[in-house]
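> A single structure is presented below for examination.
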Amino acid sequence: MLDFDVNEDQALMDAVVSKGKIFWVGGQKNEENQWYWADNRPIDMGAPFWYWDEPNEDDNTCAIANITVSGNYKRGHIYDSACSESRNFICQTLCPFEFERIGKNCYFRSEDLGLPHVSWQDARDYCQALDVPAGYYSDLAVLGLPDQDDYDLLYRFHAGYHGCVWLGALAETSCVYKWIDGRSISSSSLYWYTTVPYCGTSTRVYLQHSTAQNRTYLADHRPSVSHAFICQMFAKN
């Protein structure tokens, strides 16, 4: 079932309105009368999700997305409902175990599990071997995709850890860097540290946080050097 994200809720509610139907979403009330999404995140009470007088203090313990009509306006809101009702439903692929949702994507940080630091290729092999849902694959994380907020990712990737982490970027020819999906990385990109890329034998890209500058940036290094790493789940074409 669907669980809402603050960056996606408006588009999803607009879709509910356009369909003109009531849908089950992945929210339930537990025995302590607390509402949680299917991925165990608490559901914020009040705006912008819930209708103004929802949820009711009754026996309804499942969440629906429904249309609210007010004058000339139609908007989608969350309501509580009896779980025994028959309704349409919306499905969503949740992040696999040990992955974390950041924005619209799922990421795996090796440092969160205390995994040993490894070379770039070993990091990529580990990512590609992770168990993800059908229709998806896992690889080293990238930046610059249309559905990513790179500034948020740069912060979240290094939250609680200020060491180096491998990303899915490399140079197959001298100083010509690209992401593993084939997109190029300009040597003049603002994401690079001021004195890099070094080029030469430094052919793999990592992420580093400078406490002194309070900045997270890209740098290149030899592929044999051991670092932590970040994996990302991608949809297959």
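Every number in this text was worked out from the coordinates using simple rules, so none of it is lab data. This is a predicted model, so every value here is computed, not measured. Note that we place each Cβ from the backbone using ideal geometry, even for glycine, and neighbour counts take in every protein chain shown.
> Would you kindly give the portion of the calculated P(r) for segment 57-116 that falls above 19 Å, as a percent of all Cα pairs?
So the portion of pairs separated by more than 19 Å is 59 percent.
> Let me know the Rg and Dmax you get for segment 107-237 when you use only its Cα atoms, in Å.
Using the Cα atoms of segment 107-237, the pair Rg, Dmax is 13.9, 43 Å.
> Among 101, 124, what is the fewest-to-most ranking by other Cβ atoms within 10 Å?
101, 124
> How far apart, in nm, are two points set 7 Å out from the Cα along the Cα-to-Cβ line at residue 187 and at residue 14?
Between residue 187 and residue 14, the label points sit 4.2 nm apart.
> What share of all Cα pairs of segment 166-228, in percent, falls into each consecutive 5 Å distance bin?
Histogramming segment 166-228 at 5 Å steps yields 4, 19, 32, 26, 14, 4, 1 percent.
> Can you tell me the Rg and the Dmax, both Å, for the Cα atoms in segment 1-123?
Calculated on Cα positions, Rg and Dmax stand at 17.5, 61 Å.
> List the GluC sites (Glu not before Pro) in segment 65-103 that DSSP assigns to loop (not H, G, I, E or B) and whose Cβ has at most 11 other Cβ atoms within 10 Å. Which are they?
Details: sites: 85, 98, 100; in loops: 85, 98.
Answer in residue order: 85.
> Label residue 30 and residue 137 with points 7 Å out from Cα along Cα→Cβ: what is the distance between them in nm?
3.8
> Take the Cβ-Cβ distance between residue 97 and residue 214 as r, set R0 to 41 Å, and report the resulting FRET efficiency rounded to the nearest 0.05.
Once the sixth-power term is evaluated, E becomes 0.80.
> Can you divide the C-alpha Rg of the chain by 2.2 N^0.38 Å and report the result to two decimal places?
For the chain, the normalised Cα radius of gyration comes out at 1.23.
> If I take all pairs of Cα atoms in segment 71-171, what percentage of them are more than 20 Å from each other? The partial results should precede the final answer.
Details: 2665 of 5050 pairs.
The answer is 53 percent, as a whole percent.
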